[in-house]
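Here the structure is laid out as structure tokens; the discussion comes afterwards.
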Amino acid sequence: MYLVIIIAFLLLSFVLDSISDYLNIKNLKDTLPDEFVGYYDEEKYKKSQNYLRDKTKFSVISSITSLIISIIFILIGGFNYVDLFARRFGYGEIVSGLIFVVVLVLLLQIIQIPFSAYSTFVIEEKYGFNKTKIKTFISDIIKSLILILIIGIPVFALVLMFFIKYGSVAWIYASITVILFELLITFVAPVFIMPLFNKYVPLEDGELKTELEKYAKEQDFKMKGLYKMDGSKRSTKTNAFFTGFGKFRRIVLFDTLIAKHTTQELVSVLAHEMGHYKKGHIHKFMLMSFANTLIMFFLLSLFIGNEGLFAAFKMQNISVYGALIFFGFLYTPISMFLSVIQNVISRKYEYEADKYSVTTYKNPQAMVEALKKLSVDNLSNLTPHKMKVFMEYSHPPVLDRIKAIRNIKIEG
Ligand SMILES: [Zn+2]
């Protein structure tokens, strides 16, 4: 019974994704939208559409592969083999659970390597984005794996211990542990984790720094500093973001972004990011994620020791750690539903942040210009299908954002 439900969930998510991909490709139009005349020539616009086609094709192929591998792994009792291996060492439930999970994580990582290599060195390369050297690619994989293990092992061990010891109230302890770790990581990441992957240098003195600081001061926005990140180490794509909390907030601009935009455009981008803080978006998203953690662990606690679930995965032995992993499969539709909701909210927040930028910096033209350049430099899809946007877009399509910005009334 559970086997049927789980395979149905896997198929359902694959079918939904495929439909939205198909509609998205069908929605490509030959004529360039008026807004982008002068930003794209015919050839480059075609190139942006081919980029989308290539990426979509690749994502469908990788989804089919992962679907087939998952189903085969479940049907041949792959989880049971891993479990028997983990138990062979004769340790208690917590250590066996850790071995079980580490083996699964390693298997998953190994399967992902060829896909990630193809995406970076074939697709991104073909469209002139790739700057990643093989050495960086390999060291990225090793570093992320070590981080996953360093952070994941203690969290998983604690969660496991709570569920073994405290039974029906364990989900509360487990949730609190995970939430505390999430909080800790948001503080630690900018200082200890992100520098492992990129160089962050304070923005050099000059017009850009002066203007950004002037604007931040006018808005009474405290932050730890302005940083430039070597995004060009991996890709020519452009981006900017905020990290950290409270006094530790820092804004990070990709070197590729700085190279391609004017000072006014960059202040507009900073103003947009600041808008997310000023409107409380960051805190609201954190609260939502905490709520999600609570719900997930509560539901999980209902499935601990469920024999039917273990039978579906052909397990000979019942364990708490097995339930933790298998519950993940049952949770997929819920997490899919929650991610759609989160995207709906996120798109609303993006409009609000744009509005904040335009009403405080009072330079809508710079914001529009920044969005257009970002779109062209990253070959973004100008005409995504409604279903694709609804399900997967955390940001509204660029043309909708431009339209909304043009409709904002600016006082003074
Ligand atoms: Zn935003």
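The values are calculated or read from the model by the stated rules, or taken from the named source; none is laboratory data. The model shown is predicted, which means the values in this text are computed figures rather than measured ones. Cβ sites come from the backbone with ideal geometry, for glycine too, and all protein chains shown count toward neighbours. What goes into the accessible areas is simple: the full protein's heavy atoms, side chains included, and nothing from ligands, DNA or RNA. Shrake-Rupley method; radii C 1.70, N 1.55, O 1.52, S 1.80 Å.
Quick notes
- Packing-based ranking, highest mean first, of 392-403, 63-74 given that Cβ atoms within 10 Å are counted: 392-403, 63-74
- Size of charge dipole - segment 311-362 - debye, nearest 20, with Cβ of Lys, Arg +1 and Asp, Glu -1, no other charges: 40 debye
- Per residue accessible area in Å² of segment 76-199, where ligands, DNA and RNA are left out and the probe is 1.4 Å: 56 Å²
- Cross-link pairs K278/K348; K260/K409; K131/K372 - those with Cα-Cα distance over 21 Å: K260/K409; K131/K372
- Computed E for E218/K284 - FRET, C-beta separation, R0 30 angstrom, nearest 0.05: 0.75
- Positive-end extreme of charge dipole, segment 1-94 - chosen from T65, G38, I94 (charges on Cβ): I94
- Within the accessible area of segment 152-194 (1.4 Å probe), percent carbon and sulfur: 83 percent
- Environment charge at K228 (Cβ cut-off 9 Å; Lys +1, Arg +1, Asp -1, Glu -1): -2
- Among Y351, M387, A404 the positive-end extreme of the charge dipole of segment 284-412 (Cβ point charges): A404
- Annotation: for a label point projected 7 angstrom from Cα along Cα→Cβ of K44, residues of segment 356-375 with backbone N closer than 19 Å are 366-375.
- Here is how the number arises for the chain: DSSP H runs of 4 or more residues each give -39500 (n - 2.57), the sum is divided by the residue count, and the result at 222 nm is -23000 deg cm²/dmol.
- Cα gyration tensor category, rounded, prolate or oblate, for segment 1-90 with a/c compared to 1.5: prolate
- Cross-link pairs K135/K386; K222/K355; K26/K228; K214/K279; K224/K403 - those with Cα-Cα distance over 29 Å: K135/K386; K26/K228; K224/K403
- A dipole drawn for segment 146-212 from +1 and -1 charges on Cβ atoms has a positive end, and of M194, L158, V178 the residue lying farthest that way is L158.
- The chain: antiparallel DSSP beta bridges as a percent of all, rounded to 5: 55 percent
- Rg over Rh, two decimals, segment 284-339 (C-alpha only, Kirkwood Rh): 1.05
- Using the Cβ of A216 as centre and a radius below 13 Å, the other residues enclosed give a net charge of +3, where K and R count +1 and D and E count -1.
- Based on the convex hull around the alpha carbon atoms, segment 1-158 presents an average projected area of 13.2 nm².
- With only the Cα atoms considered, segment 203-280 has a convex hull volume of 89 Å³ per residue.
- D_trans [Stokes-Einstein, Kirkwood Rh over alpha-carbon pairs] for segment 281-412, 10 °C, 1.306 mPa s, µm² s⁻¹: 88 µm²/s
- Length gained when the stretch N80-I295 is fully extended (0.36 nm per residue, less Cα-Cα span): 74.6 nm
- Considering only beta bridges that DSSP places wholly inside segment 220-286, some 45 percent are antiparallel.
- Dimensionless Rg over Rh [the chain; C-alpha; Kirkwood]: 0.98
- Computed from the alpha carbon positions, the gyration tensor of segment 55-115 leads to an equivalent ellipsoid with semi-axes of 29, 13, 7 Å, biggest first.
- Near S235, the amide H atoms lying under 5 Å from its own belong to K131; only residues 5 or more places off or on other chains count, and H is placed 1.01 Å from N.
- When only alpha carbons are used to place a centre, segment 191-261 and segment 129-165 end up 25 Å from one another.
- Each Lys and Arg contributes +1 and each Asp and Glu -1, all at the Cβ; summed about the Cα centre of segment 286-412, the dipole is approximately 440 debye.
- P(r), alpha carbons of segment 132-177 - 5 Å bins starting at zero, rounded %: 5, 21, 18, 13, 11, 10, 8, 7, 5, 2
- Between D30 and V15, full extension at 0.36 nm per residue minus the direct alpha carbon distance yields a gain of 2.7 nm.
- Backbone HN-Hα couplings from phi across segment 11-21 [Karplus 6.51/-1.76/1.60, Hz, Gly and Pro as x]: 5, 4, 5, 5, 5, 4, 4, 5, 4, 5, 5
- Of the solvent-accessible surface of segment 310-374, computed with a 1.4 Å probe and all protein chains present, 64% belongs to carbon and sulfur.
- Hypothetical label at F390: residues of segment 327-345 whose amide nitrogen lies under 20 Å (7 Å Cα-Cβ projection): 333-345
- On the principal axes of its alpha-carbon atoms, segment 107-263 has extents of 59, 45, 19 Å, going from largest to smallest.
- Student exercise, the chain dipole from Lys, Arg, Asp, Glu Cβ charges, in Debye to nearest 20: 220 debye
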